[in-house]
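Read-outs throughout are calculated quantities, based only on the coordinates presented, and are distinct from any laboratory measurement. Computed from a predicted structure; not experimentally measured. Cβ: placed from backbone, ideal geometry, glycine included. Neighbour counts: every protein chain shown.
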Amino acid sequence: MGAHFILVGLLCLCGLSVSHECVREHLENVDFPGTDLTSVYSPDAEHCQLLCTQHPSCLFFTFVRPDWTVDNRHFYCYLKSTPSGEPNRQTSLLGVTSGFSLKACNPDPKPCLSKVYQNMDFPGADYRFLFTADYEECQRACTHDPSCQFFTFVNEVFTPAKIRYKCHLKFSWTVPRTHIVEATVGVVSGFSHKLQTPTQFDTVYTACQAKLFPSTDIPGSDLEMLLAGSPEHCLSLCSAHPRCTYFSYFASHNSKRFHCYLKSNPNEMVTRAQDGVTSGVPARFCQPDNSWMKVAHDGTDFRGDDIRYVLLDDPETCQQTCTEEPNCQFYAYVKDTFINSDNWRRCYLKRVITMPTPARVSTLANVVSGFSLKGCTHTLT
């Protein structure tokens, strides 16, 4: 899969992603069959189109609507691409909507997702519950909670009655996550210096003091395993997740392990000495220390998720190019010590989807779901 994304990224170099004009219109009951990159859940075609726009390689999409009757693949968003940049085929198909990426439209990197969805559930990803008078209050709670990305509210006629008016606050990643981190001689990887990380509150707090425990493991209580380039990167991921109470980071170039284990146990933290492991606790209620973004990782490849590549003379220029490119979140540069000389001087610019994305979407009577209004500055009241 990673190699496939690289191939698509190289194909995009030929100018496909920049040559297309801005096409916002959707095609109702039209399918673009095949050429799938991946599929994700989405509540409607507009959200699906934004996911395609943020995906590094997606050029067009097909969304399966709730009125689809062939099988139970409702709310599937298929992200697609071809070497030509155009769908290979267009066919009539009831219950689907297709369209094109908005990459050529200079889209807002943090779109306003103000629409709410009646009788639709976003199952899972809950981290906090409260009772509110209506879905508007639930959405306001989500908007003002720094960890909340979307919500589901149970209305006044839901059965069973004991959970009526319950507001489910939900989390999804808005911090870019490197999907593949590998030890590779001759490759330097790093991040854009303009990478956006979540801020806890508008109030100005003092700078965070990182609390790391070298040569220390905290076994058990695993919440999620991610890949990270450094203990500080792992710390930033733990700080962004509302349920992460501490973490352990395993790094070994010999075994090619760069594992960031987020852990959740609010009751205790039991440590043990272990070489090659760094553990720590998240930063809360302070200005995050983002100095880890400026570290270049020599001998490490952030493979996949390519937007395109350009030929440059050194990794410093590659990092600068990524920082100046609005869509670039991280990069990988191939030095002249890399085993394959055909790839020398290539600077791969990369990104992943960071807009709120439910893990699942389904129909459910008497609930209302929607997203945080953090991207809608005029509504933050």
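Sparse packing (at most 16 other Cβ atoms within 10 Å of the Cβ) combined with a DSSP loop state is found for the following GluC sites (Glu not before Pro) in the range 146-251: E156. Distances between placed amide hydrogens fall under 5 Å for F131 paired with C167, all partners being 5 or more residues away or on another chain.
Between D313 and N343, full extension at 0.36 nm per residue minus the direct alpha carbon distance yields a gain of 9.6 nm.
In the chain, if the dipole is taken from +1 on Lys/Arg beta carbons and -1 on Asp/Glu beta carbons about the Cα centre, which of T184, V367, V352 is farthest to the positive end? So the residue we want is V367.
Could you compute the FRET efficiency for K294 and C112, with r as their C-beta to C-beta distance and R0 at 35 Å, rounded to 0.05?
On the way: r = 31 Å, r/R0 = 0.87.
Efficiency, from the Cβ-Cβ distance: 0.70.
Computed on the chain, with alpha-carbon pairs under 8 angstrom and 6+ residues apart, the relative contact order is 24 percent.
Please work out whether the range 155-288 counts as rounded, prolate or oblate from its C-alpha gyration tensor, where a ≥ b ≥ c are the square roots of the eigenvalues and a/c under 1.5 means rounded, while otherwise a/b larger than b/c means prolate and anything else oblate? The partial results should precede the final answer.
Details: a/c = 1.85, a/b = 1.63, b/c = 1.13.
Prolate.
With only Lys, Arg, Asp and Glu charged, each at its Cβ (+1 for the first two, -1 for the last two), find how big the charge dipole of the chain is about the Cα centre; round to the nearest 20 debye.
540 debye
A full extension of the chain between E156 and K211 corresponds to an added length of 15.3 nm, given 0.36 nm per residue minus the alpha carbon distance. Where is the GNM fluctuation largest for the chain (alpha-carbon springs, 10 angstrom cutoff): V270, V187, V334? Comparing V270, V187, V334 in the GNM, the peak value goes to V270.
Residue order for S264, S341, S369, fewest other beta carbons within 10 angstrom first, comes to S341, S264, S369. Using only side-chain charges placed at the Cβ, +1 for Lys and Arg and -1 for Asp and Glu, the dipole size of the range 301-348 relative to its Cα centre rounds to 120 debye. Taking other Cβ atoms within 10 Å as a rough exposure proxy, C347, C208 sort from fewest to most as C208, C347.
For the chain, the mean residue ellipticity at 222 nm estimated from helices alone is -4000 deg cm²/dmol, where every DSSP H run of n ≥ 4 contributes -39500 (n - 2.57) and the total is divided by all residues, rounded to the nearest 500.
Once the chain from F131 to Q320 is taken as fully extended at 0.36 nm per residue, the excess over their C-alpha distance is 63.3 nm. What FRET efficiency comes out for D336 versus D275 if R0 is 45 angstrom and r is the Cβ-Cβ distance? Round to the nearest 0.05. Efficiency, rounded to the nearest 0.05: 0.85. Each principal axis of the Cα atoms in the chain has its own extent, and those three values, largest first, are 62, 55, 37 angstrom.
Per residue, the average separation of C-alpha pairs within less than 8 Å and at least 6 apart gives the range 181-350 a relative contact order of 35 percent.
As a proxy for reagent exposure, ranking R89, R257, R345 by other Cβ atoms within 10 Å from fewest up yields R89, R257, R345.
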